[in-house]
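Derivation of every value follows stated rules applied to the coordinates shown; laboratory data play no part. Values in this document were obtained by computation on a predicted structure and should not be read as measured data. Backbone-built Cβ (ideal geometry, glycine too); neighbour counts: all protein chains shown.
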Amino acid sequence: MARAALGVFLLISQLPGLIETFDVPTSFNCRNSLIADEWRKMVLEFHNDKRRDVSDGKQQNGGKVMPAAKDMNELVWDCNLEQEALDAVRKCTAYNGTRAFNEAEITEKPCNVTSGVKSILKEWWNEIVSAAPLKDENKFNKTSIPHFGVMAYFNTTLMACSYDRCDTTTKLLCLYNKKPKANQPLYDKGDMCGSGCDCVNRLCQTEIKHIADPSTCKKALMTDEMEETAVNMHNYYRRLIATGWAEDPKSVYAPRASKMNYLDFDCDNLAVPMKTAINKCQIPADAPGQNVHVIDKWDISRQAALEEVI
């Protein structure tokens, strides 16, 4: 099939004077529809519930109780971290990225991902229960509590997990945005939330700064997800024409196209120049091969705007 090039630039203007607030999200809205939000919620709540035990001095450790933490952050799920985890587990190899991580294989038979992951999370966290009491300001011992240390590190704010089938097992990978250092404190001991943070349900809430959307066409302000959406949606509609299933109000279906090219995304030659062209606010477009559409919604996401336009 012959291929042609596609370029898209999307500009969304917002009304001036609006104040942006930062709230902890209550829904996930992640790309992978094969993972249920109930599963994400279970994993996230497990982490935060256990971190609350550390925060208010209830966590068991070697027959003793760990001191309370004055600065234990609440964790928030990050969809881009989830996508990173999914891309990594699909390789069916050990994780070799730069993020803080925990990984395991779900071996429960018959395979039940939810109960299997719960068992793994408990096993990771309970390292601290059987480990010798931590000394020297709760320093991270990578040998005795490798998984617990990653899960309990106070400075972490974002996390996500994903899983996929690998031969006869299912691989689980959890990624975190902060990495504890060996022989350094996992948290500062003191009164719960004593650092002066915004304390909500025994954990510190911080301004949410999510992982940036991956982009190979940054000059055109297009994320990889937007680029993929633009290509897939264009080619979907072009396939309808090529196969004779494109609806036509005059003849029910438009005539079938015999030489419909497949479109690829061209960042440098098409998308980047569109960034300059769109600033002219020229309606209709001032050159052949350009489409311009105006959306009068200031609160729509760039991804949603792109889908609406196409």
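Tabulated values for the structure
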read-out: Proximal lysines to residue 181, defined as alpha-carbon separation beneath 16 angstrom and excluding residues fewer than eight positions away on the same chain; value: 135, 139, 142
read-out: 0 to 90° range, to nearest 10: angle between helix 113-125 axis and the chain longest Cα axis; value: 40
read-out: Additional length obtainable on full extension of the chain from residue 228 to residue 135, 0.36 nm per residue less Cα span; value: 28.4 nm
read-out: Using a Förster distance of 22 Å, the FRET efficiency for residue 105-residue 210 (Cβ separation, nearest 0.05); value: 0.15
read-out: All-pairs Cα distance distribution in region 224-282, expressed in whole percent, bin size 10 Å; value: 20, 34, 29, 17
read-out: For region 183-310, size of Cβ-based charge dipole, Lys and Arg +1, Asp and Glu -1, in debye; value: 380
read-out: Cα→Cβ-extended label distance, 7 Å offset, between residue 58 and residue 32, nm; value: 3.1
read-out: Of 219/250; 41/109; 179/275, pairs whose Cα-Cα distance is over 31 Å; value: 219/250; 179/275
read-out: MRE, 222 nm, helices only [DSSP H, n ≥ 4, -39500 (n - 2.57), over the chain, to nearest 500]; value: -8500 deg cm²/dmol
read-out: Förster radius 41 Å - calculated FRET efficiency between residue 165 and residue 258 (Cβ-Cβ, nearest 0.05); value: 0.55
read-out: Over the chain: Kirkwood hydrodynamic radius from C-alpha pairwise inverse distances, Å; value: 22.9
read-out: Over the chain, relative contact order from alpha-carbon pairs under 8 Å, at least 6 apart, %; value: 26
read-out: For region 52-146: span of alpha carbons on each principal axis (Å, largest first); value: 39, 30, 23
read-out: Length added when fully stretched, residue 250-residue 219, from 0.36 nm per residue minus Cα-Cα; value: 7.0 nm
read-out: Hits among aspartates and glutamates - C-alpha to C-alpha of residue 70 under 19 Å, sequence gap 8 or more where chains match; value: 49, 53, 56, 136, 137, 188, 191, 198, 207
read-out: Quotient of Cα Rg and 2.2 N^0.38 Å for region 37-205, N being how many residues it contains; value: 1.02
